[in-house]
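*Asks:* Before I ask anything, let me first share the structure, which is written out below as structure tokens.
The values are calculated or read from the model by the stated rules, or taken from the named source; none is laboratory data. Bear in mind the structure is a predicted one, so any value in this text is a computation, not a measurement. Neighbour counts run over all protein chains shown; Cβ positions are idealised from the backbone, glycine included.
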Amino acid sequence: MLWIFLLQLVNSIKGLSGAEHETLCTSNACFTLHLDSVSFANASHDCVRNGGNLMTIRDRGEEDVLRSLLSQTQGRHQDRALQFWIGLKLNKGTCVLADKTLQGFEWISGERDSHYSNWGKEPDSTCTEDRCVRVHYTLGQNQLKWAAGGCKGPAFYACKFYFKGMCKPLALLGPGQITYTAPFSEKPERSEMKSCPLGTYVNIVYDVQCFCREGYDLDEDGHNCSDIDECQSQACEDHLCVNTHGSYMCTCKDGYKLIHGKCSDVDECAQSRCEHNYIDECKMEQCQEHCKNTFGSFVCSCKEGFVLKDEVKCIKADVSESFDITTPVTDGSVKPVTNNNTLKALSPTTGGFVRVWIFVAVAVVVLIIVVKLYVVKRQKRREQNSSQQSTATAAVDNIEC
């Protein structure tokens, strides 16, 4: 039992001493909390080597920063009393001054003395040895107290780094992870940084997830796609199936037709493949008025007072001429129908005579006009000739005189 207890104690101590530092950045500075137990000199050297100094607590604002930094360790060091070196020291040969806020101690970073202190116990009066300050902190109680003592004992420590500017953290546009490596650190920061000092190295790792288009499956490696053989799943049922890249093709048997990717039965009767197909032309509204369907044709007729014209139209009856009332139509051509009620049409001879008389009358009128124009023209010529002869006679008389 004692051996088990000692193993747990050793593992607990290793967990404290081997942990990486925590980081917290403000608008102009970054603070790191190192869980390595070292002497005051080694702690100061490590901070200076990375570009900073042991942390100062010159006011309540900086104390709150340290408190926030310490709170990040609660998940790993619950209910443990921790001690941290800060950059406050009394050098050998300098005496403790009880009437001063810092009791004669000075900040090793060279900053001016502050008017804030949080002593848990007044420092012992001495002038003969180096004295260094630790902060005592109990996780869970959130209390900070200063204590002066020797500088060679081991303790954790906190560093402070000044910067002229800070950058905002980056935002991922997709699934992934961002890690930050500050300029004062050799390894990526474990906790999320709300501000990044200039010179911070950022590593972005995206979680890439591949997808395949329709007709393909993602391989086990998560990167490649393989074609799906739809024919193995009876996609064409009992018809012929041909697999293609990303799809498939069905070849239908006789009597079937490919519709929307599937073989569907063809209704041959609906396609009028029979030799004789009865058609009711009257449903096609061929006649203007009455229609009677016949085998292979149809007959149009008109109501009383109207006669049939052009075999399908009805016009008002005229006593001067007559038209067939009904006429059957077969195969798109017009044929006269016998044994139906019709009015007698004018004979072709009478119509011919009328057209001849009209032609003769027109010819006579044209002839009269031509003769009249000829007579008028001839009369004008005679008048011109008479005038010329009179002029010539007068000229002769003048010569004889």
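*Asks:* Go through the range 298-311 and give me each residue that's surrounded by fewer than 17 Cβ atoms within 10 Å (Cβ to Cβ) and within 22 Å of Asp280 (Cβ to Cβ).
*Replies:* Listed by number, the residues that qualify are Lys303, Asp310.
*Asks:* Here is a list of conditions, (1) at pLDDT below 90; (2) more than 48 Å from the chain's Cα centre (by Cα); (3) in a loop (DSSP other than H, G, I, E, B), and Leu35 meets all of them except one; can you say which number that is?
*Replies:* Tallying (1) at pLDDT below 90; (2) more than 48 Å from the chain's Cα centre (by Cα); (3) in a loop (DSSP other than H, G, I, E, B), Leu35 fails exactly one: (3).
*Asks:* Which of the numbered conditions does Gly18 fail, given that it passes all the others? Conditions: (1) loosely packed, with under 15 Cβ neighbours inside 10 Å; (2) at pLDDT below 90; (3) farther than 15 Å from Lys187 by Cβ.
*Replies:* Unmet condition: (3).
*Asks:* Moving on. Asn203 is checked against (1) outside any loop (DSSP other than H, G, I, E, B); (2) surrounded by fewer than 11 Cβ atoms within 10 Å (Cβ to Cβ); (3) in the same structural domain as Ser117 (by TED's automatic domain parsing) and fails just one. What number does that condition carry?
*Replies:* With (1) outside any loop (DSSP other than H, G, I, E, B); (2) surrounded by fewer than 11 Cβ atoms within 10 Å (Cβ to Cβ); (3) in the same structural domain as Ser117 (by TED's automatic domain parsing) applied to Asn203, the lone miss is (3).
*Asks:* Conditions first: (1) surrounded by 12 or more Cβ atoms within 10 Å (Cβ to Cβ); (2) closer than 30 Å to Ile108 by Cα. Cys236 passes all but one, so which condition is the exception?
*Replies:* In the conditions (1) surrounded by 12 or more Cβ atoms within 10 Å (Cβ to Cβ); (2) closer than 30 Å to Ile108 by Cα, Cys236 misses (2) alone.
*Asks:* Further question: Has the range 148-170 got at least one residue that is farther than 26 Å from Asp46 by Cβ and among the aliphatic types (A, V, I, L, M)?
*Replies:* Yes, the range 148-170 has at least one match.
*Asks:* Moving on to the next point. State all residues of the range 180-200 that are free of Cβ contacts under 8 Å to residues at least 60 places away in the same chain and either in a loop (DSSP other than H, G, I, E, B) or touching a Cys at 6+ places or on another chain (Cβ under 9 Å) (or both); if no residue qualifies, say none.
*Replies:* Within the range 180-200, Tyr180, Glu186, Pro188, Glu192, Leu198, Gly199, Thr200 meet the criteria.
*Asks:* A further question follows. Quick check on my filter: what residues within the range 180-200 are exposed (fewer than 12 other Cβ atoms within 10 Å of the Cβ) and over 19 Å from Glu22 (Cβ atoms)?
*Replies:* Across the range 180-200, the qualifying residue is only Leu198.
*Asks:* So Glu129 fits all but one of (1) touching a strand residue (DSSP E or B) at 6+ places or on another chain (Cβ under 7 Å); (2) of a type outside the set (A, V, I, L, M); (3) under 24 Å from Ser44 (Cα atoms); what number is the exception?
*Replies:* Failing condition for Glu129: (1).
*Asks:* Also, I was wondering about something else. Out of the residues in the range 126-165 meeting the condition of being among the charged types (D, E, K, R) and touching a helix residue (DSSP H, G or I) at 6+ places or on another chain (Cβ under 9 Å), tell me which one is nearest to Leu82 (Cα to Cα).
*Replies:* The qualifying residue nearest to Leu82 (Cα to Cα) is Arg134.
*Asks:* Then there is this: Of the conditions (1) part of a helix (DSSP H, G or I); (2) over 51 Å from the mean Cα position of the chain (by Cα), Thr56 satisfies every one except a single condition; which number is it?
*Replies:* (1)
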